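The values are calculated or read from the model by the stated rules, or taken from the named source; none is laboratory data. From a predicted model like this one, the values you see are computed outputs, not experimental measurements. Note that each Cβ is placed from the backbone with ideal geometry, even for glycine, and that neighbours are counted across all protein chains shown. Note: areas computed on protein heavy atoms with side chains; ligands, DNA, RNA excluded. Shrake-Rupley method; radii C 1.70, N 1.55, O 1.52, S 1.80 Å.
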Amino acid sequence: QAICVALGAPRVRSLSRGRGRCQMEGVASASHTEGDGQAASGVPEPQGLTGLPAAAEAKKALGNAAFQAKRHREAIEHYTEALEEAGDAAPGVYFSNRAVCHSALGHWPAARADAEAALRRPGGATKKALFQKARAEMRMRLPADMESTLRLAAEHGLREGVEALLREDIPEAACALGTGAQLAGDACDRGGVCNGRGGQTCDPGPGAVCGALGGAAPGGRGHTSADGDGSSPIHANGAPVEQTPSLSSSGRPADDSAASDAAVRAKDFGNAKYKQGAYREALAEYQRSLGLLDPGDVIRKAPLLGNIAAAHLMLRRVGECIAACEQSLALDPSNHKIRQRLATAHIAKGDFAAARVVLDFAGADEVALATAHRLLRDSEEALAAADTAMSKGEPAKALSMLAELETKALFACPALPLSMARCYLELKNYPRVLNATQSVLRENPQSIDALVLRTEALYRNNDTGVETAQWVEPLEQGQRLLKEALSFDPDHSAAQALRKRLRSLCTKHVELKAARDSREFQKATEIIDFMIGQCQDNQMMLAALYSERARCGVRLKDWPRVLKDVGQATYRNHSLVQPYLLRAQALQSLERHDDAVRELEGLFAWHRVQVVYDKLQEAKFLQRKQKRANYYELLGVPSIASQLEIKKAYRERAAEWHPDKKGHLDATQRKNAEEMFKRIGEAYEVLTDSTKKELYDRGYDLEGIEEQIELKKRRTEHGHGHGHCGSGHCGC
């Protein structure tokens with residue numbers, strides 16, 4: 001339904017409203033965009049804008065070509081792409097060109113929104129933009145808004161030209177704008193009949209737009225009297241009407257002019273702060289500007305609320321952003337930029353259903369909202385992909401997707417931190433789970449999912465030994481959290497099941513302690529078996545339970561079971577120390593001293609503490625003891641034999657193995673006999689010396705005995721030295 005005006009054509013032949021174009025002699029459609037050098041207002045606009053991306057200019061040129069070919073929808077798409085390419089640097093002409101296309105299609109709300117966007121751009125207050133906005137408001141039956149637009153045109157000295165375009169474009173505009181006779185005081189009767197165009201009659205019906213310049217209101221008020229006698233204006237039916245405020249030279253009421261100028265300055269200052277990234281200061285200026293505006297100034301209030309919403313969004317105050325967007329859309333439902341911002345805020349909260357409702361609003365321009373549609377689609381797909389990765393056992397991949405989604409779109413979604421915390425739980429990063437759930441609970445203390453997830457982290461992060469009283473503390477804390485969760489939802493199955501399991505583990509821990517204290521280690525083993533069955537999803541707790549069962553196995557001297565249990569414990573938690581010590585003890589009991597030494601050497605390599613060092617030295621001692629010669633067996637006497645018995649046995653064994661009696665043997669046998677005779681002498685020397693015999697009975701081999709004697713000798717000499725010299729200064 002667009003009516004395209006040909007102001008620059010010298011010979012207007014006829015005006016056809018049926019197809020939305022002007023026909024001239026020798027000229028086709030005269031409704032132009034910036035591309036052919038002539039705006040719809042008839043004023044040439046600058047060509048070859050500088051400082052813009054080449055891609056944006058190329059898209060605009062494609063839009064111009066599509067418009068000239070009357071492919072208006074295609075032109076709209078090209079102009080939209082040009083705006084996306086140009087970003088914040090997009091000039092007003094991009095918007096006004098698209099407004100012309102919307103007008104050609106009869107999309108008056110969209111045309112009005114683009115015209116407003118053009119007017120907000122530096123240098124965008126052109127006759128073309130003002131005309132497109134006023135024409136859309138005329139078509140939408142918004143007389144107050146149209147009057148505001150005409151006042152804005154008066155500020156720029158363009159009101160007369162815009163009014164002329166409206167009269168030429170829309171025949172009914174003569175009634176709304178008035179002719180010279182009407183401005184002198186002619187009235188429009190209540191039935192809507194007006195003879196202001198040389199006798200032409202229009203009948204817009206009751207409540208029609210009438211007397212826009214004279215201050216008449218829709219619904220039957222007449223024009224304001226212009227006699228200048230100070231009397232009250234009289235309606236055509238004789239009833240008095242409200243006096244129209246006097247206008248300043250700018251076309252606005254004189255008492256509102258200063259406040260309006262201050263509002264404009266505050267908004268401009270806010271824009272400057274916004275571009276600098278100082279969003280708090282920008283927000284303060286926008287709010288100050290809003291406070292200075294006339295409450296009825298919808299044309300300025302709606303976009304200003306959009307600016308406030310943008311500042312809130314940059315500050316990640318999604319709730320405030322949504323409220324400001326809704327207020328703006330209540331004033332101007334056709335503003336697709338605000339609608340897109342509102343959808344983005346809903347997406348940031350993770351409320352995809354609300355975002356879809358906003359984007360699917362009747363009359364919404366899908367082309368203008370393409371960015372928000374794409375953001376919504378990408379966010380839903382990314383969440384689905386993350387869920388798929390988690391179901392496949394790939395928490396690291398899912399976490400990466402969710403982190404990227406949080407940065408780009410869902411920065412205020414309360415469910416996203418919980419999804420990321422679930423990934424951290426599977427990755428065994430329990431401190432991050434606790435931090436994430438604490439942040440969620442700070443914002444929403446009644447978040448049942450956060451309470452359950454926090455309990456799971458406490459339950460799985462319990463690396464305390466089962467033999468200690470502190471083992472039940474995380475379980476008891478988790479029970480308190482789950483009790484709180486069930487107070488919000490008594491039927492929450494996950495919370496019920498987990499609480500029941502934790503309570504059972506705490507009860508069994510008390511029974512285990514009682515059985516261990518009464519030295520009923522077989523019963524303690526059975527209790528641990530039950531607890532292991534309850535903790536199959538908790539590897540850290542399973543490691544502690546297997547280690548505790550190995551301790552019971554040591555008491556029962558069930559060494560094969562001990563080795564099996566410590567293997568299970570170290571497999572699930574290799575940082576535990578006790579299982580390695582228990583394995584070494586079991587190996588020593590099985591006379592596998594070499595394996596015990598290797599076990600303790602491996603442990604001491606990464607856990608260098610005194611206890612492990614002492615255990616290692618003890619294992620090495622037992623290893624040497626196992627490999628030493630058995631002197632009592634060599635002499636054929638018991639370990640409790642007397643010195644006389646030892647000497648007698650020595651004489652008999654020495655006589656038997658004396659080399660002189662083995663001369664009839666071959667060389668190998670004689671060598672073995674000599675070695676045997678030597679060992680018999682070594683045994684006699686050790687067992688007949690009281691000091692050496694004592695050390696031998698304690699487990700030392702010959703080398704160890706000599707080391708201990710030498711160590712004792714040095715200690716004795718050291719002690720004598722200090723005792724003889726006193727303070728050591730005698731010079732001896």
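Here is a check on your reading of the model: is Glu160 surrounded by fewer than 19 Cβ atoms within 10 Å (Cβ to Cβ) and either hydrophobic (A, V, I, L, M, F, W, C) or without any contact (Cβ under 8 Å) to a residue 40 or more places away in the chain (or both)? In short, yes.
Taking the conditions exactly as written (over 18 Å from Gly124 (Cβ atoms) and modelled with pLDDT under 50), does Ala66 satisfy them or not? Judged against the criteria, Ala66 is not a match. Does region 248-257 contain any residue that is open to solvent by less than 20 Å² (accessible area, probe 1.4 Å) and at pLDDT 90 or above? So far as region 248-257 goes, no, none of its residues is open to solvent by less than 20 Å² (accessible area, probe 1.4 Å) and at pLDDT 90 or above.
Arg121 passes every criterion in (1) out of contact with any helix residue (DSSP H, G or I) (no Cβ under 9 Å at 6 or more places or on another chain); (2) basic (Lys, Arg); (3) farther than 21 Å from Gly296 by Cα apart from (1).
Conditions tested, residue by residue: (1) of a type in the set (A, V, I, L, M, F, W, C); (2) open to solvent by 60 Å² or more (accessible area, probe 1.4 Å); (3) within 17 Å of Leu475 (Cα to Cα); (4) over 37 Å from the mean Cα position of the chain (by Cα).
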{"site": "Ser493", "(1), (2), (3), (4)": "no, yes, no, no"}
{"site": "Ile528", "(1), (2), (3), (4)": "yes, no, yes, yes"}
{"site": "Cys552", "(1), (2), (3), (4)": "yes, no, no, yes"}
{"site": "Thr570", "(1), (2), (3), (4)": "no, no, no, no"}
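Output the residues belonging to region 136-151 that are under 20 Å from Ala117 (Cβ atoms), touching a residue at least 40 places away in the same chain (Cβ under 8 Å) and open to solvent by less than 30 Å² (accessible area, probe 1.4 Å). Those that are under 20 Å from Ala117 (Cβ atoms), touching a residue at least 40 places away in the same chain (Cβ under 8 Å) and open to solvent by less than 30 Å² (accessible area, probe 1.4 Å): Met138, Asp145, Met146, Ser148, Thr149, Leu150.
Look at Val597 and say whether it is of a type in the set (Val, Ile, Thr) and more than 30 Å from Val686 (Cβ to Cβ). Here the answer is no, as Val597 does not meet what is asked.
Within region 638-665, the set of residues being closer than 15 Å to Lys678 by Cβ and not in a helix (DSSP H, G or I) comprises Trp657, His658. Of the residues making up region 570-620, just one is in contact (Cβ under 8 Å) with a residue 40 or more places away in the chain and either part of a helix (DSSP H, G or I) or farther than 27 Å from Lys428 by Cα (or both), namely Gln578. Of the numbered criteria (1) over 17 Å from Ala569 (Cα atoms); (2) crowded, with 19+ Cβ neighbours inside 10 Å; (3) under 29 Å from the mean Cα position of the chain (by Cα), the one Arg516 fails is (3). Among the listed residues Gly699, Gly731, Gly704, which satisfies the condition of being part of a helix (DSSP H, G or I) and either open to solvent by less than 50 Å² (accessible area, probe 1.4 Å) or modelled with pLDDT under 85 (or both)? The unique qualifying residue is Gly704.
In the set (1) under 16 Å from Leu119 (Cβ atoms); (2) crowded, with 22+ Cβ neighbours inside 10 Å; (3) without any contact (Cβ under 8 Å) to a residue 40 or more places away in the chain, the condition left unmet by Leu313 is number (1).
Conditions tested, residue by residue: (1) within 19 Å of Gly270 (Cα to Cα); (2) among the aliphatic types (A, V, I, L, M); (3) surrounded by fewer than 16 Cβ atoms within 10 Å (Cβ to Cβ).
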position	(1), (2), (3)
Arg317	yes, no, no
Gln327	no, no, no
Gly350	no, no, no
Glu366	no, no, yes
Leu375	no, yes, no
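Within region 665-673, none of the residues are modelled with pLDDT under 90 and either within 30 Å of Leu600 (Cβ to Cβ) or aromatic (Phe, Trp, Tyr) (or both). In this entry, Phe521 is excluded by the filter for residues that are of a type in the set (Phe, Trp, Tyr) and closer than 28 Å to Arg499 by Cα. The criterion of at least 2 residues that are under 15 Å from the mean Cα position of the chain (by Cα) and not polar (S, T, N, Q) is met by the following helices (runs of 4 or more DSSP H) wholly inside region 340-447: 370-391, 395-408, 415-426, 430-443. Only one entry in Lys557, Lys523 is at positive phi and of a type in the set (Lys, Arg), namely Lys557.
When Ala115 is tested against (1) aliphatic (A, V, I, L, M); (2) open to solvent by less than 20 Å² (accessible area, probe 1.4 Å); (3) touching a residue at least 24 places away in the same chain (Cβ under 8 Å), just one condition goes unmet, and that condition is (3). Just a yes or no: is a residue in region 620-640 of a type in the set (Phe, Trp, Tyr), modelled with pLDDT of 90 or more and open to solvent by 40 Å² or more (accessible area, probe 1.4 Å)? Checked against the condition, which is being of a type in the set (Phe, Trp, Tyr), modelled with pLDDT of 90 or more and open to solvent by 40 Å² or more (accessible area, probe 1.4 Å), region 620-640 yields no hits at all.
If you go through region 448-468 and keep only what is farther than 18 Å from Gly393 by Cβ, touching a residue at least 40 places away in the same chain (Cβ under 8 Å) and assigned to a helix (DSSP H, G or I), you end up with Ile448, Leu451, Val452, Thr455, Tyr459.
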